[in-house]
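Some notes on the structure that comes next.
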Amino acid sequence: MLRGASLRVTRPRVAVLGAVHTHPHADTDAVLGAVREELTGVSHQAVYDVLRALTAAGLVRRIQPAGSVARYESRVGDNHHHVVCRSCGAIADVDCAVGHAPCLTASDDHGFVVHEAEVVYWGTCPDCSATSTDEESAKPGRTHR
Ligand SMILES: [Zn+2]
Ligand SMILES: [Zn+2]
């Protein structure tokens with residue numbers, strides 16, 4: 001993957017790419033922790049720099065839901081979206097809502113050529129739903145559970 005993006009293959013780059021691949025949506029600290037299991041002594045700055053280079057090269061996608069730190073994933077180029085838990089910050093992938101990118105047609109594109117749409121679905125993850133009370137499901141008109 002690195003060679004395909006014309007990036008020099010270095011151990012930190014391989015380790016960071018591997019960490020992002022095995023821990024999708026990990027933040028910088030989580031990536032650092034995973035990388036250090038392989039490469040002890042790698043600095044925070046080194047990991048940060050590698051993440052920036054990989055993101056710029058398009059090998060890694062950086063997402064940053066409002067109120068969250070930046071997170072990284074190796075699933076790139078498919079215009080998928082994310083569902084984020086308001087309570088604990090858990091993130092999961094959501095495939096394109098309708099067909100191909102951009103899967104949402106702008107009501108007014110203002111003459112822009114639209115390449116992709118980035119949607120964040122905000123909600124409550126199953127774990128947080130299970131620990132909260134049943135008041136949500138008791139609301140009239142809610143039939144989704
Ligand atoms: Zn949650
Ligand atoms: Zn994702």
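Derivation of every value follows stated rules applied to the coordinates shown; laboratory data play no part. These figures come from a predicted structure and were not determined experimentally. In this analysis, Cβ positions are derived from the backbone assuming ideal geometry, glycine residues included, and neighbour counts consider all displayed protein chains.
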- Query: Given the structure, is VAL98 assigned to a loop (DSSP other than H, G, I, E, B) and either on the phi < 0 side of the Ramachandran plot or within 14 Å of ligand 2 (Cβ to nearest atom) (or both)?
  - Reply: yes
- Message: Filter the stretch 48-90 down to the residues that are of a type in the set (A, V, I, L, M) and touching an Asp or Glu at 6+ places or on another chain (Cβ under 9 Å) and list them by number.
- Response: VAL60, ILE63, VAL69, ALA70, VAL83, ALA90
- Does the stretch 60-78 contain at least one residue that is surrounded by 13 or more Cβ atoms within 10 Å (Cβ to Cβ), within 13 Å of ligand 2 (Cβ to nearest atom) and on the phi > 0 side of the Ramachandran plot? no
- Options VAL84, VAL114: the member that is more than 16 Å from ligand 1 (Cβ to nearest atom) and surrounded by 12 or more Cβ atoms within 10 Å (Cβ to Cβ): VAL114
- Message: Take the conditions loosely packed, with under 15 Cβ neighbours inside 10 Å and not aliphatic (A, V, I, L, M) and apply them to ARG8. Does it pass?
- Response: yes
- Message: Within the stretch 59-72, does at least one residue satisfy the condition of being part of a strand (DSSP E or B) and in contact (Cβ under 8 Å) with a residue 60 or more places away in the chain?
- Response: no
